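Novice: Dumping the structure here so I can ask a few things about it.
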Amino acid sequence: MSEQQSSSSKQPVRHGPYPEITVPAVLTGYGIGAVINVSIGYLSLMLGFSIEGSELAAILGFLVLRGILGRHSIIENNINQTLASAVNGAASGMMFSLPAIFILGYQDHLSIPLTVLGCIAGGVMGIAFIIPLRKQMIDFNRLAFPGGIATATILKSPGAGMYKAKLLLGAAVVSGAVHFLSKSTGVEDVNLGAILGMPDYMNGIWYVSLMTIGVAFLSGRGGIYFIVGGFVCYWFLAPLLSDIGLMPTAGELEGAGIAGWLRSNLFRPTGIGMLVGGALTGIVLALPLVVSAIRSMQDAAKSKANLSRDEMPIQMLYMAVLAAFVVLAVIAVTSTEEMGIGRGALMAALGTLWIWVAGVVLSECIGRTNWSPLSGMTLIGITILIFVASGMSNQATIVSSIVVGAAMCVAMSQATDLMLDLKCGYLVGGVPRKQQIAQFLGTWLGPILTISVILILHKAYTMGSDSLPAPQASALAGVIDGILGGDVPMHQYLSGAGMGSLLSLSGIGGLGVLVGLGFYLPFNIVLTYSIGTLLWFVVHYTKGSRWSDDIGVPVAAGLIVGEALVGVVYAMIVVFSA
């Protein structure tokens with residue numbers, strides 16, 4: 001026998017299927033999902049948008065499953081990333097909606113247990129609605145789902161995955177240390193504008209935040225649109241207003257700085273209007289995808305009786321939808337005595353219908369363009385619920401509408417996340433039914449973690465403040481104020497909505513929302529964000545896209561995780577030591 005034959009005969013021979021949905025995969029998914037949920041939830045409140053968690057979960061999965069536990073199954077890591085991203089699915093869904101309750105000052109009417117239960121029910125409903133469309137969207141229509149392809153590429157490169165995990169972990173340690181020093185010393189901003197002799201209205205203050213740089217790097221070329229909004233405000237409009245003599249007098253400032261006055265009275269409300277107008281126009285532009293989604297539903301309905309053995313039983317999905325509907329109805333009816341059973345059931349029915357339609361449309365958008373108008377769908381859904389409760393403008397009813405709307409948002413987020421993960425599973429040979437089970441297993445933890453983060457951060461920093469802007473929720477609070485006839489700068493909202501709509505009509509996905517965020521957010525965040533965008537361009541065009549993906553992406557993700565976790569822990573210290 002030759003040496004080569006002897007060596008090969010000693011190698012272990014695997015019999016049967018590779019490990020897939022296992023206890024280590026599930027427990028790892030919960031742990032990684034918790035980290036990602038807290039990180040991306042914090043990010044959503046600070047910057048007003050979120051990032052996809054599947055790639056991050058896959059990279060960290062290699063660190064735990066392969067590096068620590070010595071497990072080598074790619075499809076087992078696929079279950080980990082599916083469950084972890086399901087835990088994360090509640091982050092953006094709840095962060096885009098529930099903070100509006102705190103911004104409006106209605107939190108005394110918020111029931112935390114019912115809110116958590118409602119968001120879990122919404123997540124279950126979103127998953128149940130989207131599962132029957134898997135075969136149509138992925139097997140037959142062959143939608144791209146670029147995020148799923150990217151995650152599958154990571155899973156197929158185990159050696160590279162371990163290297164990326166180490167880079168991510170190292171960057172997280174650095175980012176966390178920098179943020180802790182920033183918080184503990186009180187040096188959270190650097191006023192380079194004053195050093196350079198810039199006028200105060202140009203607001204040359206830079207935010208000390210490696211997380212912001214990391215987010216900008218991950219956003220790549222698209223981040224430039226966000227930067228444009230901020231620079232237009234302070235480095236174009238502000239000097240223009242100064243030159244033509246339209247700056248406020250010292251008496252009008254009432255002790256506030258000129259940059260702060262401009263943001264509070266001009267740029268921030270205009271930015272909120274742009275967020276709303278851009279998001280709603282994005283929905284209108286998605287109408288061709290709506291038609292395609294309806295066709296997918298029709299085609300799936302024709303073959304639903306023959307769901308393959310790889311799918312969960314359709315009867316179980318019907319039961320999940322019914323149970324979730326009952327929970328939403330109970331939340332609506334018990335919110336206030338004025339609601340009544342009939343109107344509460346109507347609110348739950350409309351919420352269920354919107355989850356079904358919006359979840360399919362958003363999945364179609366993600367599948368074709370990798371862009372999701374989630375905030376616009378949430379805004380429309382909650383507005384519909386508020387009009388259902390018209391005539392009952394008490395705070396409890398508004399809170400109920402937002403809570404049911406948050407459940408809808410979580411459902412839409414879970415639906416799109418599952419389809420993206422199923423695309424990844426399709427490419428690496430995972431069993432759809434097992435991924436669907438993993439997605440269901442992850443739905444309960446996310447809402448508990450997210451509401452905890454919201455409560456802690458609000459108590460430490462206050463929702464809607466410069467320390468915690470919560471842009472998407474602030475836009476929702478502004479819309480609610482307008483519906484209720486509150487004292488809001490409606491002319492600025494409307495002009496901003498017009499500009500946001502026009503920008504979205506440009507054909508660049510989410511342009512109105514991105515520029516609107518630049519108007520809304522404090523300029524110190526925009527300035528720091530511009531560093532990350534500049535780094536992406538330098539790296540991409542000097543080192544190439546491969547280096548950017550293999551080195552830049554995991555480092556940028558680590559910068560986000562490290563700062564976010566330290567930020568939440570620091571807020572907990574502030575709250576519990578008070």
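The values are calculated or read from the model by the stated rules, or taken from the named source; none is laboratory data. Treat the numbers as computed from the prediction; the structure is a model and nothing was measured. All Cβ positions, glycine included, derive from the backbone under ideal geometry; neighbour counts span all protein chains shown.
Novice: Among the residues in the stretch 74-89, are any over 23 Å from residue 467 (Cα atoms), small (Gly, Ala, Ser), touching a residue at least 40 places away in the same chain (Cβ under 8 Å) and surrounded by fewer than 24 Cβ atoms within 10 Å (Cβ to Cβ)?
Specialist: Checked against the condition, which is being over 23 Å from residue 467 (Cα atoms), small (Gly, Ala, Ser), touching a residue at least 40 places away in the same chain (Cβ under 8 Å) and surrounded by fewer than 24 Cβ atoms within 10 Å (Cβ to Cβ), the stretch 74-89 yields no hits at all.
Novice: Let me ask something else. Identify, from the list 185, 212, the residue that is within 28 Å of residue 571 (Cβ to Cβ), of a type in the set (S, T, N, Q) and surrounded by fewer than 18 Cβ atoms within 10 Å (Cβ to Cβ). Before you say what the answer is, go through the steps one by one.
Specialist: Details: 212 fails: surrounded by fewer than 18 Cβ atoms within 10 Å (Cβ to Cβ).
Only one candidate qualifies: 185.
Novice: Name the residue that is surrounded by the fewest Cβ atoms within 10 Å (Cβ to Cβ), counting only residues in the stretch 26-43 that are small (Gly, Ala, Ser) and closer than 20 Å to residue 438 by Cα. Can you show your working first?
Specialist: Step one: of the stretch 26-43, the residues small (Gly, Ala, Ser) are 29, 31, 33-34, 39, 41.
Okay, now just the ones that are also closer than 20 Å to residue 438 by Cα, so 29, 31, 33-34.
Details: 29: 29, 31: 15, 33: 30, 34: 17.
Only one residue fits best here, namely 31.
Novice: For residue 385, state whether it is farther than 16 Å from residue 122 by Cα and among the aliphatic types (A, V, I, L, M).
Specialist: Values: farther than 16 Å from residue 122 by Cα: no; among the aliphatic types (A, V, I, L, M): yes.
Considered against the rule, which asks whether it is farther than 16 Å from residue 122 by Cα and among the aliphatic types (A, V, I, L, M), residue 385 comes out as no.
Novice: Additional query: Give the residue that is modelled with the highest pLDDT, with candidates limited to residues of the stretch 100-148 that are surrounded by fewer than 21 Cβ atoms within 10 Å (Cβ to Cβ) and at positive phi.
Specialist: Ranking the qualifying residues of the stretch 100-148, first place goes to 105.
Table: residues versus (1) touching an Asp or Glu at 6+ places or on another chain (Cβ under 7 Å); (2) farther than 18 Å from residue 378 by Cα; (3) buried (at least 17 other Cβ atoms within 10 Å of the Cβ).
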{"residue": "431", "(1), (2), (3)": "yes, yes, yes"}
{"residue": "435", "(1), (2), (3)": "yes, yes, yes"}
{"residue": "442", "(1), (2), (3)": "no, yes, yes"}
{"residue": "464", "(1), (2), (3)": "no, yes, yes"}
{"residue": "469", "(1), (2), (3)": "no, yes, yes"}
{"residue": "477", "(1), (2), (3)": "no, no, yes"}
{"residue": "492", "(1), (2), (3)": "no, yes, yes"}
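Novice: List the number of the failed condition for residue 542; all other conditions in (1) closer than 13 Å to residue 223 by Cβ; (2) β-branched (Val, Ile, Thr); (3) at pLDDT 90 or above hold.
Specialist: Condition not satisfied by residue 542: (1).
Novice: Among the helices (runs of 4 or more DSSP H) lying completely within the stretch 127-219, list those that include at least 2 residues that are touching a Cys at 6+ places or on another chain (Cβ under 7 Å). Spell out the reasoning first.
Specialist: Values: elements: 146-155, 158-185, 192-196, 210-219.
By residue number, 146-155.
Novice: Follow-up question, since we're still on this one. All but one of (1) part of a helix (DSSP H, G or I); (2) of a type in the set (Ser, Thr, Tyr); (3) at pLDDT below 90 hold for residue 30; state the number of the condition that does not hold.
Specialist: (3)
Novice: Sticking with this structure for a sec: Looking only at residues that are surrounded by fewer than 24 Cβ atoms within 10 Å (Cβ to Cβ) and at pLDDT below 75 in the stretch 340-364, which one is nearest to the chain's Cα centre (by Cα)?
Specialist: In this case the residue turns out to be 357.
Novice: What tally of residues in the stretch 64-86 results from selecting those that are part of a helix (DSSP H, G or I) and more than 24 Å from the chain's Cα centre (by Cα)?
Specialist: Step one: filter the stretch 64-86 for residues part of a helix (DSSP H, G or I), giving 64-68, 74-86.
Filter again for more than 24 Å from the chain's Cα centre (by Cα), leaving 64-68, 74-76.
Selection size over the stretch 64-86: 8.
Novice: Moving on to the next point. Considering the stretch 206-237 alone, what residues qualify as being of a type in the set (A, V, I, L, M) and at pLDDT 90 or above? Walk me through it before giving the result.
Specialist: Within the stretch 206-237, the subset of a type in the set (A, V, I, L, M) is 208, 210-211, 213, 215-216, 218, 224, 227-228, 232, 237.
Correct list: 208, 210, 211, 213, 227, 228, 232, 237.
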